[in-house]
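> Structure incoming, see below.
The values are calculated or read from the model by the stated rules, or taken from the named source; none is laboratory data. These numbers were taken from a predicted model, which means no experiment stands behind them. Here the Cβ is made from the backbone with ideal geometry for all residues, glycine too, and neighbour counts use every protein chain on show. For accessibility, only protein heavy atoms count, side chains too; no ligands or nucleic acids. Shrake-Rupley method; radii C 1.70, N 1.55, O 1.52, S 1.80 Å.
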Amino acid sequence: MTVIAVFNQKGGVGKTTTTANLAAAMARNGMAPLAIDLDPQAHLTTLSGLKPRVERTVYSFFHSQTPLSELVTELPNQVNLIPAHMELAKVDMLLSQNRRDLRRLKKAMQDEMLAAGGTPVLIDCCPMLGVLSLSALMAADVVLVPVTAEYLAMNGAQQLDQTLNGLTAMGLHRPRKVFINRYQRGHITSEHVAAELAHRYGRDFCRTRVFESQSVMEGSGKNQDVFSYAPDSESAEDFSYLLDELIESQFIRTGH
Ligand SMILES: Nc1ncnc2c1ncn2[C@@H]1O[C@H](COP(=O)(O)OP(=O)(O)OP(=O)(O)O)[C@@H](O)[C@H]1O
Ligand SMILES: [Mg+2]
């Protein structure tokens, strides 16, 4: 199965929203996904309605070598989650950016066979390029990049290309897919950004657009993914289509 880092150095583009809703879409398809919150802001954890003690979070893996599998919580929507805690901000001081430290997450996931047996893993990255995001990119097979339909998006895209090219130069090529989030039908900026992204990323740009949606926001406020909060909404359809496209293009590989 595939380990997917949901990544963009730009903040507020929908990394957490995508992780939560794509994981929910997978769960509805019987794929039993694992989501890892790797952001000290712990938004995915909060969004899931959890407020765990620090020793029950992924911080404990980095700080005390607690096996990842001991930190998994099953959510009511059948998504398995390894939660985060704001103490995670200290990981940049605990670990260095040498290869051995950055490989710890990947190695643990392999040793514990977390992605074995057909389990897709989604890692919600933070909007900074430190030990946490680099560990996620190392551990990932592929990188999924939400980009919002606004002008500064292209700046973010440039930074992202630099980061992924840097990894490729280190022999760590990670296929990527970019998609547009918060798309607004008929808005010139949305059309413009979509056209630029399609031009820039070609086949790596997803056909599926995730629209700006009230259901996404309202669901978040109620600690619910969009499938639980508004199963008949366009937004639920958007995330289902996104999952379908990622599977059809074999970006996400199903099976063992
Ligand atoms: N398609 C959407 N429609 C409406 N609101 C959205 C959509 N996607 C994201 N949002 C809202 O945008 C805000 C930022 O989204 P989110 O927290 O997922 O971004 P992020 O990239 O994870 O941010 P950070 O970089 O801080 O981790 C949230 O309030 C979220 O509810
Ligand atoms: Mg986030």
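> Net charge near residue 88, counting Lys/Arg +1 and Asp/Glu -1 over other residues with Cβ under 10 Å of its Cβ?
Details: positive: 90; negative: 37, 39, 87, 92.
With Lys, Arg at +1 and Asp, Glu at -1, the neighbours total -3.
> A further question follows. Using the Cα centre as the reference, give the magnitude of the dipole from point charges on the C-beta atoms of the chain (Lys, Arg: +1; Asp, Glu: -1; all else neutral), rounded to the nearest 20 debye.
Working: 24 positive and 27 negative charges, 138 e Å.
About 660 debye.
> What distance in nm separates the two pseudo spin-label positions at residue 169 and residue 217, each 7 Å out from Cα along the beta-carbon direction?
4.1
> At q = 0.07, 0.11, 0.16 Å⁻¹, what log₁₀ I(q)/I(0) does the chain have when each alpha carbon counts as one equal point scatterer in the Debye sum?
-0.21, -0.54, -1.21
> List the trypsin sites (Lys or Arg not before Pro) within region 35-95 that fall in a DSSP loop (any state other than H, G, I, E or B) and whose Cβ has at most 12 other Cβ atoms within 10 Å. The partial results should precede the final answer.
Details: sites: 53, 56, 90; in loops: 53.
For trypsin sites (Lys or Arg not before Pro) across region 35-95 that sit outside H, G, I, E and B with at most 12 neighbouring Cβ atoms in 10 Å, the list reads 53.
> Heavy atoms only, 1.4 Å probe, whole protein assembly: order 189, 208 by accessible area, highest first.
Working: 189 45, 208 20 Å².
Result, largest first: 189, 208.
> Could you state the per residue volume, in Å³, of the convex hull enclosing the Cα atoms of region 115-256? Please list the in-between numbers first.
Details: hull volume 19.1 nm³, N = 142.
Spread over its residues, the Cα hull of region 115-256 gives 135 Å³ apiece.
> Ok, one more. Counting only Cα, what are the radius of gyration and maximum Cα-Cα distance Dmax of region 12-138, in Å?
That works out to 13.4, 39 Å for Rg and Dmax.
> Mean separation of Cα pairs under 8 Å and 6+ residues apart, divided by the residue count of region 3-243: what relative contact order is that in percent?
On the way: 445 pairs, mean separation 62.1, N = 241.
Computed over region 3-243, the figure is 26 percent.
> Do the sum for the chain: with -39,500 (n - 2.57) for every DSSP H run of n ≥ 4, divided by all residues, what is the mean residue ellipticity at 222 nm, to the nearest 500 deg cm²/dmol? Intermediate results must be reported in sequence, preceding the final value.
Details: 12 runs with 109 residues, N = 256.
So the helix-based figure for the chain works out to -12000 deg cm²/dmol.
> Let me ask something additional. Give a quick list of trypsin sites (Lys or Arg not before Pro) in region 172-212 that DSSP marks as loop, anything other than H, G, I, E or B, with at most 16 other Cβ atoms within 10 Å. Write down the numbers at each step before the final one.
Working: sites: 176, 177, 182, 185, 200, 203, 207, 209; in loops: 185.
The qualifying sites are 185.
> Sticking with this structure for a sec: Could you list, in their original order, any pairs among 15/106; 10/107; 10/90 whose Cα atoms are separated by more than 25 Å?
Checking Cα-Cα distances, 10/107 exceed 25 Å.
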